[in-house]
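See below for the structure under consideration.
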Amino acid sequence: VDCNEDGKVRAIALDAANLQGTIPPEITLLTDVETLIIKNNPNLVGEIPHGIGNKMLQLRQIGLYGNNLGGSIPKTIFKLSHLVYLNLSDNALTGEVNWEEMSHHQKKIERLILHNNFLEGSIDFHLLAKAPLLLLVLSNNQFGGYIDESIGSMT
């Protein structure tokens, strides 16, 4: 845990901390957090708190991977305007990714990593091409559809 000069939490990194249970919704009270990394805690279950995208507006990096989180990806995560890194891989996430919401709000995201989940639906490469992605990893999910030519316009 890292704090700024005012004593407010700026970064949380909990790697292989043997966390059990769920991520408490009260985590969203930490409104100055820019980096939230909770990874490699296989006994961490439940859903990603939906308030993360509504209250933690300073988030630039979210890494909730290598856990056992389920449910869908909260749509509010894609509204975080400062987000440059989102890694939700190696969980048990389900449902569809809201590509339209992501392309509308994500003007800075460079790394989107969602592999090894149970996500489904079609991947909208036309919308993804609007994001400044440097790394996109979506393998080992249940996505369907075709890879269209707009993937060639991704940088």
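For the reader, a short list of remarks on this structure follows.
- For the range 92-107, the set of residues classified as in contact with a strand residue (DSSP E or B) (Cβ under 7 Å, 6 or more places away or on another chain) and assigned to a loop (DSSP other than H, G, I, E, B) consists of 97 only.
- Qualifying residue in the range 94-107 (condition: of a type outside the set (Lys, Arg) and under 27 Å from residue 17 (Cα atoms)): yes
- Summed over the range 65-86, the residues that are in contact with a helix residue (DSSP H, G or I) (Cβ under 9 Å, 6 or more places away or on another chain) and either open to solvent by less than 10 Å² (accessible area, probe 1.4 Å) or at pLDDT 95 or above (or both) give a count of 6.
- Candidates 18, 54 - the one that is open to solvent by 60 Å² or more (accessible area, probe 1.4 Å), at pLDDT below 95 and either outside any loop (DSSP other than H, G, I, E, B) or not acidic (Asp, Glu) (or both): 54
- Residue in the range 104-119 that is modelled with pLDDT under 95, among the polar types (S, T, N, Q) and open to solvent by 40 Å² or more (accessible area, probe 1.4 Å) present: no
- Note on the range 23-39: residues that are open to solvent by 70 Å² or more (accessible area, probe 1.4 Å) and closer than 16 Å to residue 65 by Cβ amount to 0.
- Hits in the range 90-137 - residues which are within 23 Å of residue 38 (Cβ to Cβ) and among the β-branched types (Val, Ile, Thr): 94, 97, 109, 113, 137
- Filtering the range 70-89 for residues that are out of contact with any strand residue (DSSP E or B) (no Cβ under 6 Å at 6 or more places or on another chain), hydroxyl-bearing (Ser, Thr, Tyr) and within 21 Å of residue 129 (Cα to Cα) leaves a non-empty set.
- Within the range 120-155, considering residues that are part of a loop (DSSP other than H, G, I, E, B) and of a type in the set (A, V, I, L, M, F, W, C), the one modelled with the lowest pLDDT: 154
The values are calculated or read from the model by the stated rules, or taken from the named source; none is laboratory data. Computed from a predicted structure; not experimentally measured. Using ideal geometry, Cβ is built from the backbone for each residue, glycine included, and neighbour counts are taken over all protein chains shown. Areas reflect the complete protein model, heavy atoms only, side chains present, ligands, DNA and RNA absent. Shrake-Rupley method; radii C 1.70, N 1.55, O 1.52, S 1.80 Å.
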